[in-house]
Every structure is written in C-alpha cells, then in structure tokens.
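Please read the structure below before turning to the comments.
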Amino acid sequence: MQGSASPKLTANAVACRRGDRLLFRGLSFELSGGDALHITGANGTGKTTLIRVLGGLTTPYAGDVTREGMLGLLDERPALDPDLPLGKALAFWTKIDSAAPGGDVSDARRVLGLEPLLEVPVRYLSTGQRKRAGLAALMGRDAKIWLLDEPLSGLDVAAIDQVTGLIADHVARGGIALIASHQVLAIEGLRTLELGDYAPRQMAGDAA
C-alpha cells in the first residue's frame, strides 16, 4: 500500500484561531513513516481545525506545516457523491486515482463489509456506513499520510475493532496516521497529544 519514500508530517509552532478566539498555540510535532498520533481534547479545543490545517484546507494563524507524501483525509463528510450508488461513487475515485499502486478498493469494500451496500445511494447510508465507505475510498489510494477526524464515531464495537485494525496495519506498513478522536485507540506505539495543553493560559479551562 505504501510507496518507497518515507512520509513525513511536521507542525512547527502552529497556532490556530476561530473568529476572535485563539484555540491553541505553540503546537509542534514531527511524524514519519510508522508513526501514529492520537489528538485528544474537549469539544471546542480545535481538533477539527487542526486536521484542516494539517491537510492544507485552511491556513494556520501562526507557524507552518510541512508534508512529504500523498495525504488522505477522512472526516464526517466523505467525498462520495450522495446521489450515486455506493459502488459507483467508489468507482469514481478508483478511476480518478487510476488504481493507485498498491490500492485495492474492491478488497477494501470486502474487508469493511460494504459489498451488500454497493447499490444503495450514498445519501441513504448511516453515519457508520459512510465512515466505512470513506475509509474504503482512502484505502484505494496511495495516501501515505492519513488524517482521520473521529473515524470511530457511529460504529458498533465490531466495526471499531475492524477500523482500528486497518489503521494499525497502515502504520505497520510505514504509513502515518493522525487521529482526532474521543475514543480509546488500541494501536501499538500510539502517541497522544492533548490539544488543551496548547490553549492560551487564560483560556486553558475553557472547553466550550
């Protein structure tokens, strides 16, 4: 699933704000192939904002982010056409990505239990089904860096174990996984970063 080059993801003194509110500042880390980082924090501390900054979807208030390697994002809005049956929506990305080296979306569909849902329009899928579908699309690419925003929400216990195992496998194969989640993640070697530790001092106790 991984190419030969080792991926890297680095944050250097990153600060982010929402409106007039400074969410966090001075956040730095460096991840390379085989690393997994769990971003924790109360609602409102900026976990989703951080994911968007790391993915290049928004600009940090201060600091900078560097990436080496293809990046894939999974959040609450999987990039799947809601009006298409799931099978066709996944096939669209397979065609766009030209069946990326090592990617096998058909195998991902089987592993994630999506084959019975291939004729169901994406808009009718449950939250958990959409999460699994988004992960299947991600697995079909050659993305070495996974940014996952609450990937376990809406999943039952069996699906949580399954998705956690797939993330662990990605890391074991030399990928990077950065996961923002309220849930415990059973991934060997997982590091944890508490986002509240980087809140401005006067707002450290604010979890709104």
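The values are calculated or read from the model by the stated rules, or taken from the named source; none is laboratory data. Remember, predicted model here, so these are calculated numbers, not experimental data. Positions of Cβ are generated from backbone atoms using ideal geometry, with glycine treated the same way; all protein chains shown enter the neighbour counts. The area values use the complete protein model at the heavy-atom level, side chains included, leaving out ligands, DNA and RNA. Shrake-Rupley method; radii C 1.70, N 1.55, O 1.52, S 1.80 Å.
Computed quantities for the displayed model
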quantity	calculated
Base-10 log of normalised Debye intensity for segment 61-184 (one unit scatterer per alpha-carbon) at q = 0.10, 0.22, 0.23 Å⁻¹	-0.29, -1.39, -1.50
Net +/- balance of residues flanking residue 58 in space, Cβ distance below 12 Å, scoring K and R +1, D and E -1	+3
Within a Gaussian network of the chain (alpha carbon springs, distance under 10 Å), most fluctuating of 86, 31, 118	118
Heavy-atom SASA rank of 51, 160 (probe 1.4 Å, accessible area, largest first)	160, 51
Chain lengthening between residue 57 and residue 173 when straightened (0.36 nm per residue, less Cα-Cα)	39.1 nm
Hypothetical label at residue 17: residues of segment 27-50 whose amide nitrogen lies under 17 Å (7 Å Cα-Cβ projection)	27, 45-46, 49-50
Over the chain: Rg over Rh, Cα atoms, Kirkwood Rh	0.97
Residue 119 - accessible surface, heavy atoms, 1.4 Å probe, Å² rounded to 10	150
Accessible area (Å², 1.4 Å probe, nearest 10) - residue 48	60
Two-site label geometry, residue 66 and residue 79: point separation in nm, points 7 Å out along Cα→Cβ	2.5
